[in-house]
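The structure under discussion appears below in the form of structure tokens.
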Amino acid sequence: MSEQWIYLNGQYVKKEEAVVSVYDHGFLYGDGVFEGIRMYDGNVFRLKEHVDRLYDSAKSIMLNIPQSKEELSDVIVETLRRNELRDAYIRVVVSRGVGNLGLDPFTCSKPQIIVIAEQLALFPKSLYDTGIEIVTVASRRNRADVLSPKVKSLNYLNNILVKIEANLAGVSEALMLNDQGYVAEGSADNIFIVKGNVIKTPPGYVGALEGITRNAIIDMAQLLGFEMREEVFTRHDVYTADEVFLTGTAAEVIAVVKVDGREIGDGKPGSYTKQLLESFRKTVTEEGRKVYTHGN
Ligand code: PMP
């Protein structure tokens, strides 16, 4: 296997040499932000949107990324190129940097910037054919006035605890409610429901990450002429929906066929879900920032 190159603070280093200090506040306190991005057949899907979200997350926690958005975007593309990838998962991490053992972020001299690009480990195809089962977990989504779910921070404990609850229940993904009991999102995915000819996803203020895939699916649903609403809903609406699906960079668009033991629709991926997945897969290979031009 050829060498894997990782971007670390201005240099491209071998995977084995890509190490950071134990005094990094990202490690000590989860103090930092990140992004998960995907490249399809040489195109980075919605790179600008991901980079914008990263800078918004960083701004929210007063983490000043020294590079411009353009410079960081070029680094992402260069990391993909050096690793000769065409279909990849990209992880961008910006941590507060090396400081002392105290909490104060202003003791950290400069942020550490890391870009990792790997060959994609695809979700098994069978999951798209059968759909998945999820359960509602007891843990609620972080309140937006405590740690906003819109900040994609390195502190993912809320999501990790939820993932543990789901795994203990024998399923891979969870349904998280917000502090008022309204449906928020999954541990790493946004949620959509379909009833009749109306597609709904919770609005931003319910408290969920504003997913790049979510926003792409909203655009696509509208382009396909479907009725798309951002609306608050409850578990009852999920149980009685004709279709339920999750969206995310890793999951793309995946049907949910059972929630808390209730079969959704006829227990199979529905037609809206299938059409949106098909349209999504078509778009991702055509749209986006091209890493390779024809012939290289
Ligand atoms: N919610 C959470 C909590 C996530 O971690 C993710 C994955 N980034 C998503 C939703 C989906 O967002 P995206 O479509 O941007 O991957």
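Quick one: count up the residues across segment 174-206 that are assigned to a loop (DSSP other than H, G, I, E, B), among the small types (Gly, Ala, Ser) and more than 11 Å from the ligand (Cβ to nearest atom).
Step one: of segment 174-206, the residues assigned to a loop (DSSP other than H, G, I, E, B) are 178-182, 186-189, 196-197, 202-203.
Restricting the remaining residues to those that are among the small types (Gly, Ala, Ser) gives 181, 186-188, 196.
Filter once more, keeping what is more than 11 Å from the ligand (Cβ to nearest atom): 181, 196.
Residues in segment 174-206 being assigned to a loop (DSSP other than H, G, I, E, B), among the small types (Gly, Ala, Ser) and more than 11 Å from the ligand (Cβ to nearest atom): 2 in total.
Just to check your reading of the model, which residue among 17, 3 is touching a helix residue (DSSP H, G or I) at 6+ places or on another chain (Cβ under 8 Å), more than 16 Å from the ligand (Cβ to nearest atom) and farther than 28 Å from residue 252 by Cα?
On inspection, the qualifying residue turns out to be 3.
Check 229, 235 and return the single one that is more than 16 Å from the ligand (Cβ to nearest atom), within 30 Å of residue 54 (Cβ to Cβ) and either surrounded by 20 or more Cβ atoms within 10 Å (Cβ to Cβ) or modelled with pLDDT of 95 or more (or both).
Details: 235 fails: within 30 Å of residue 54 (Cβ to Cβ).
Matching residue, one of 229, 235: 229.
Residue pairs, Cβ under 7 Å, 6 or more apart or interchain, first in segment 204-217 and within 14 Å of residue 186 (Cβ to Cβ), second part of a loop (DSSP other than H, G, I, E, B) and near the ligand (Cβ under 6 Å from one of its atoms). List them.
213/249
Cβ contacts < 8 Å: first residue farther than 12 Å from residue 260 by Cβ, restricted to segment 229-240; second residue in a helix (DSSP H, G or I), any location; separation 6+ or different chain. Result?
230/204; 230/218; 232/206
Six or more apart or on different chains, Cβ under 8 Å: which pairs go from a residue in segment 186-198 that's closer than 13 Å to residue 230 by Cα and at pLDDT 95 or above to one that's hydroxyl-bearing (Ser, Thr, Tyr) and more than 16 Å from the ligand (Cβ to nearest atom)? Could you list them?
194/272
Just to be sure I understand, how many residues within segment 111-153 are touching a residue at least 12 places away in the same chain (Cβ under 8 Å) and closer than 30 Å to residue 84 by Cα?
Going through segment 111-153, the residues touching a residue at least 12 places away in the same chain (Cβ under 8 Å) turn out to be 111-121, 123, 127-144, 148-153.
Add one more test, that the residue is closer than 30 Å to residue 84 by Cα, and what stays is 111-121, 123, 127-128, 152-153.
Counting residues in segment 111-153 that are touching a residue at least 12 places away in the same chain (Cβ under 8 Å) and closer than 30 Å to residue 84 by Cα gives 16.
Suppose we filter segment 1-23 for residues that are crowded, with 21+ Cβ neighbours inside 10 Å and closer than 23 Å to residue 56 by Cβ; how many remain? Give the derivation first.
From segment 1-23, those crowded, with 21+ Cβ neighbours inside 10 Å are 5-7; that's our starting set.
Still in the list and also closer than 23 Å to residue 56 by Cβ: 7.
Adding up the residues that qualify gives 1.
Please verify whether residue 218 is surrounded by fewer than 24 Cβ atoms within 10 Å (Cβ to Cβ) and within 12 Å of the ligand (Cβ to nearest atom), treating the condition exactly as stated. Quick ask: steps written out before the conclusion?
Working: surrounded by fewer than 24 Cβ atoms within 10 Å (Cβ to Cβ): yes; within 12 Å of the ligand (Cβ to nearest atom): yes.
For residue 218, the condition - surrounded by fewer than 24 Cβ atoms within 10 Å (Cβ to Cβ) and within 12 Å of the ligand (Cβ to nearest atom) - is met.
Every residue in segment 1-56 that is touching a Gly at 6+ places or on another chain (Cβ under 6 Å), under 29 Å from residue 122 (Cβ atoms) and not polar (S, T, N, Q), please.
Matches in segment 1-56: 26, 32, 44, 45.
Please note which helices (runs of 4 or more DSSP H) are completely contained in segment 33-149 and include at least 3 residues that are within 13 Å of the ligand (Cβ to nearest atom).
Numbers: elements: 47-60, 69-82, 125-130.
The helices (runs of 4 or more DSSP H) meeting that bar are 47-60.
Can you pull out the residues in segment 150-164 that are in contact with a Ser or Thr (Cβ under 6 Å, 6 or more places away or on another chain) and more than 12 Å from the ligand (Cβ to nearest atom)? I'd like the intermediate steps shown before the answer.
From segment 150-164, those in contact with a Ser or Thr (Cβ under 6 Å, 6 or more places away or on another chain) are 151-152, 159, 161-163; that's our starting set.
Across segment 150-164, the qualifying residue is only 161.
Residues are listed down the side, and each one gets a yes or a no for (1) within 15 Å of the chain's Cα centre (by Cα); (2) under 23 Å from residue 237 (Cα atoms); (3) aromatic (Phe, Trp, Tyr):
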{"site": "124", "(1), (2), (3)": "no, no, no"}
{"site": "137", "(1), (2), (3)": "no, yes, no"}
{"site": "150", "(1), (2), (3)": "yes, no, no"}
{"site": "187", "(1), (2), (3)": "yes, yes, no"}
{"site": "198", "(1), (2), (3)": "no, yes, no"}
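The values are calculated or read from the model by the stated rules, or taken from the named source; none is laboratory data. The shown structure was predicted, so the numbers you read here are calculated from the model rather than taken from an experiment. Quick reminder, even Gly has a Cβ in these numbers, built from the backbone with ideal geometry, and neighbours come from all protein chains shown.
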